[in-house]
Amino acid sequence: MGQGFDVCPGNPCEARSMEECFESEFVRTLVVQAGLVMLGHKPAAVFGFTPRAWKGGDTRAEHLLSARLFSLYAQKTAERGMRLAWLASRGAGCMLLAWRPALVSKLLSSEENRAFLAEAGLPVDSGDALAGAFVGRLRGCYAGRADFPHEVGLMLGYPVEDVRGFMADGGRGAKVVGRWRCYGDALAAQRRFEELGRAELACKRLYAEGVCVNELLRMGAA
């Protein structure tokens with residue numbers, strides 16, 4: 001286990017063991033759901049991992065394997081500048097947060113961002129503290145203790161004015177709807193949606209051509 005960090009695993013449906021199948025699915029999920037974070041195009045991504053290809057039926061064993069995979073890849077990705085946090089269990093799978101600490105810290109260079117985060121009761125002294133606070137809020141949400149923290153949109157790469165707008169009216173007054181709901185510069189938002197779409201397709205193409213997770217992370221840190 002762990003070879004999927006340095007090579008692109010094969011089709012999970014053709015795996016010879018549950019470990020091979022799950023690792024293949026896990027790596028593919030990272031590329032599809034967190035590829036933009038890997039390549040440095042956005043600070044963070046929230047996503048789920050649910051293994052489907054293996055038909056073993058032992059949910060406890062599957063859950064333990066998912067946890068092992070998470071722990072292993074959390075260590076490996078951290079060495080390449082991306083962090084992973086386990087937010088909640090979901091049957092045999094889980095909800096995860098991936099983020100690049102350097103990009104989260106960069107959010108704090110904007111006075112407007114800092115003011116918004118302070119209003120939301122979030123720390124603005126360091127990127128690590130901010131990421132830790134968001135992890136805590138997301139875990140509280142998935143545990144049913146709180147509503148979804150829409151302020152996390154800033155960490156996901158949404159412009160602060162759009163995050164404010166959505167929190168104010170729940171998306172009803174948005175000018176453009178794409179990867180998020182835009183309340184500010186509609187043309188700039190549309191260009192950004194298209195840019196991210198191209199980057200996402202490029203990431204998937206690179207992976208399909210044999211560029212592994214390790215190399216994608218190296219490219220994103222360059």
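The values are calculated or read from the model by the stated rules, or taken from the named source; none is laboratory data. Here the structure is a predicted model, which means the values were calculated and not measured. Backbone-built Cβ (ideal geometry, glycine too); neighbour counts: all protein chains shown. Accessible surface is based on the protein model in full, side chains and every heavy atom, while ligands, DNA and RNA are left aside. Shrake-Rupley method; radii C 1.70, N 1.55, O 1.52, S 1.80 Å.
Quickly run through segment 205-219 and pick out the residues that are of a type in the set (D, E, K, R) and surrounded by 14 or more Cβ atoms within 10 Å (Cβ to Cβ).
Those that are of a type in the set (D, E, K, R) and surrounded by 14 or more Cβ atoms within 10 Å (Cβ to Cβ): E215, R218.
What is the residue count in segment 88-113 for residues that are buried (at least 17 other Cβ atoms within 10 Å of the Cβ) and farther than 19 Å from A74 by Cβ?
First, pick out the residues of segment 88-113 that are buried (at least 17 other Cβ atoms within 10 Å of the Cβ): 92-101, 103-104, 107-108, 113.
Keeping just the survivors that are farther than 19 Å from A74 by Cβ gives 107-108, 113.
Total meeting the criteria: 3.
When the residues of segment 125-162 are narrowed to those that are in a loop (DSSP other than H, G, I, E, B) and crowded, with 17+ Cβ neighbours inside 10 Å, which ends up farthest from the chain's Cα centre (by Cα)?
So the residue we want is P159.
Consider segment 34-81. How many of its residues are modelled with pLDDT of 95 or more, in contact with a strand residue (DSSP E or B) (Cβ under 8 Å, 6 or more places away or on another chain), of a type in the set (G, A, S) and open to solvent by 30 Å² or more (accessible area, probe 1.4 Å)?
Qualifying residue count, segment 34-81: 2.
Using the structure shown, decide if A102 is free of Cβ contacts under 8 Å to residues at least 12 places away in the same chain, outside any strand (DSSP E or B) and of a type in the set (G, A, S).
Against the criterion (free of Cβ contacts under 8 Å to residues at least 12 places away in the same chain, outside any strand (DSSP E or B) and of a type in the set (G, A, S)), A102 does not qualify.
When only residues in segment 1-33 that are among the charged types (D, E, K, R) and free of Cβ contacts under 8 Å to residues at least 12 places away in the same chain count, which is least open to solvent (accessible area, probe 1.4 Å)?
Of everything passing the filter in segment 1-33, E20 is least open to solvent (accessible area, probe 1.4 Å).
Considering only residues of segment 171-183 that are buried (at least 16 other Cβ atoms within 10 Å of the Cβ) and not aliphatic (A, V, I, L, M), which is farthest from the chain's Cα centre (by Cα)?
Y183
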